[in-house]
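Enquirer: Handing you this structure, nothing more for now.
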Amino acid sequence: MVACLDRWRHAIIDCDDAGLPDQVRDIESMSRMVYSLTLDAVAELESRNVAAAAGFHNTKQLLAGMLNLSATEAGTRVANARNSRGVAR
């Protein structure tokens, strides 16, 4: 995946002005798909209670520690993951 993204980066640099807006739209679309996948993974962490097994109090703390996120950003991801699966807490 890293190699693919690296090739994409070079394609952006080599892209003409007319094609650049399409590149930006494609990147935004991909970004949204990756974020959706991230939320699926976070929801799975939550449903399996991986945080407790890893020595954390909750998934928010696990994400903050594992990904070097602020507590606010980690909490937002957990809340969004819950909302994406329709889980209220």
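The values are calculated or read from the model by the stated rules, or taken from the named source; none is laboratory data. Quick caveat, the model's predicted, so the values are computed rather than measured. Backbone-built Cβ (ideal geometry, glycine too); neighbour counts: all protein chains shown. For accessibility, only protein heavy atoms count, side chains too; no ligands or nucleic acids. Shrake-Rupley method; radii C 1.70, N 1.55, O 1.52, S 1.80 Å.
Enquirer: Assigning unit charges at the beta carbon (Lys, Arg +1; Asp, Glu -1) and nothing else, what dipole magnitude in debye, to the nearest 20, does the chain show about its Cα centre? Mind showing how you got there, number by number?
Expert: On the way: 10 positive and 11 negative charges, 137 e Å.
Once rounded to the nearest 20, the dipole reads 660 debye.
Enquirer: Then there is this: Considering only protein heavy atoms and a 1.4 Å probe, what is the carbon-and-sulfur percentage of the accessible area of the chain?
Expert: Working: 3620 of 6490 Å².
Answer for the chain is 56 percent, counting heavy atoms of protein chains only.
Enquirer: Where a ≥ b ≥ c are the square roots of the eigenvalues of the C-alpha gyration tensor, would you call the stretch 39-85 rounded, which needs a/c under 1.5, or, failing that, prolate if a/b is larger than b/c, or oblate?
Expert: Values: a/c = 2.08, a/b = 1.10, b/c = 1.89.
Note, shape of the stretch 39-85 comes out oblate.
Enquirer: Here's a follow-up. How far is helix 20-48 tilted, in degrees, relative to the longest principal axis of the Cα atoms in the chain, given as a value from 0 to 90 rounded to the nearest 10?
Expert: 20 degrees
Enquirer: Could I ask something else about it? With the other protein chains left in place, how much accessible area per residue, in square angstrom, belongs to the stretch 12-89 at a 1.4 angstrom probe?
Expert: On the way: 5410 Å² over 78 residues.
Value for the stretch 12-89: 69 Å² per residue.
Enquirer: What 222 nm value per residue comes from the helices of the chain, counting each DSSP H run with n ≥ 4 as -39,500 (n - 2.57) and dividing by all residues, nearest 500 deg cm²/dmol? Write down the numbers at each step before the final one.
Expert: Details: 5 runs with 69 residues, N = 89.
After summing the helix terms and dividing by the residues of the chain, the value is -25000 deg cm²/dmol.
Enquirer: Please get the size of the charge dipole for the stretch 1-49, origin at its Cα centre, with Cβ charges of +1 on Lys and Arg and -1 on Asp and Glu, quoted in debye to the nearest 20.
Expert: Working: 5 positive and 10 negative charges, 37 e Å.
My answer is approximately 180 debye.
Enquirer: Which residue, chosen from Val50, Gln23, Ala64, occupies the Cα position most advanced towards the positive end of the dipole of the chain, where the dipole is computed from +1 (Lys, Arg) and -1 (Asp, Glu) charges on Cβ about the Cα centre?
Expert: It is Val50.
Enquirer: Local charge sum around Ile12 (other residues, Cβ-Cβ under 14 Å, Lys/Arg +1, Asp/Glu -1)? Mind dumping the intermediate values first?
Expert: Working: positive: Arg7, Arg9, Arg25; negative: Asp6, Asp14, Asp16, Asp17, Asp22, Asp26, Glu28.
Surrounding charge for Ile12 is -4.
Enquirer: So if the hydrodynamic radius of the chain is defined as the Kirkwood radius over C-alpha pairs, what does Stokes-Einstein give as its diffusion coefficient at 37 °C and 0.692 mPa s, in µm² per second? Mind dumping the intermediate values first?
Expert: Working: Rh = 15.0 Å.
Estimated diffusion coefficient is 219 µm²/s.
Enquirer: In addition: At a Förster radius of 35 Å, what calculated FRET efficiency corresponds to the Cβ-Cβ distance of Met33 and Ala53, to the nearest 0.05?
Expert: Working: r = 29 Å, r/R0 = 0.82.
With R0 = 35 Å, the Cβ-Cβ based efficiency is 0.75.
Enquirer: With only alpha-carbon atoms counted, please give the Rg and Dmax of the stretch 17-56, in Å.
Expert: 16.6, 52
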